[in-house]
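Novice: Before we start, here is the structure in question, set down as structure tokens.
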Amino acid sequence: MLVSPAYSQGCPTYYAYSNSPVCLGGTISLSSSAPPQGAHKWKGPGNYSSNLATPNLPATLARSGVYTLTVTYNACVVTATVNVVVNSPITSL
């Protein structure tokens, strides 16, 4: 899923991606179109934070929400967001 890129004057536009929707107990994978050599900073629900370019994290219901990526590369600071949905399993009655 792709959500809102941000554009900084004179800087490239980067996009944030996820493999959302994800099943509870699965793995959330975050990535972006930014060059891997840039400094990546992900922030998300539950005080989640990572400096990895492409982090993976366990899918819990508390991890549903908006993840914000800030990339610093070649004197540019660009921010993008992506929404992650973690689905509960369907139970039969």
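The numbers here are math on the coordinates, done by the rules we state, and not lab data. Since the model is a prediction, treat every value here as computed from it, not as a measurement. Every residue, glycine among them, receives a Cβ derived from its backbone with ideal geometry; neighbour counts consider all protein chains shown.
Novice: Taking the residues in segment 23-39 that are of a type in the set (Ser, Thr, Tyr) and under 12 Å from Pro55 (Cβ atoms) as candidates, determine which candidate is surrounded by the fewest Cβ atoms within 10 Å (Cβ to Cβ).
Specialist: Selected residue: Thr27.
Novice: Another question about this same structure. Residues in segment 70-93 that are in contact with a Ser or Thr (Cβ under 8 Å, 6 or more places away or on another chain), free of Cβ contacts under 8 Å to residues at least 60 places away in the same chain and among the aliphatic types (A, V, I, L, M): how many?
Specialist: Selection size over segment 70-93: 1.
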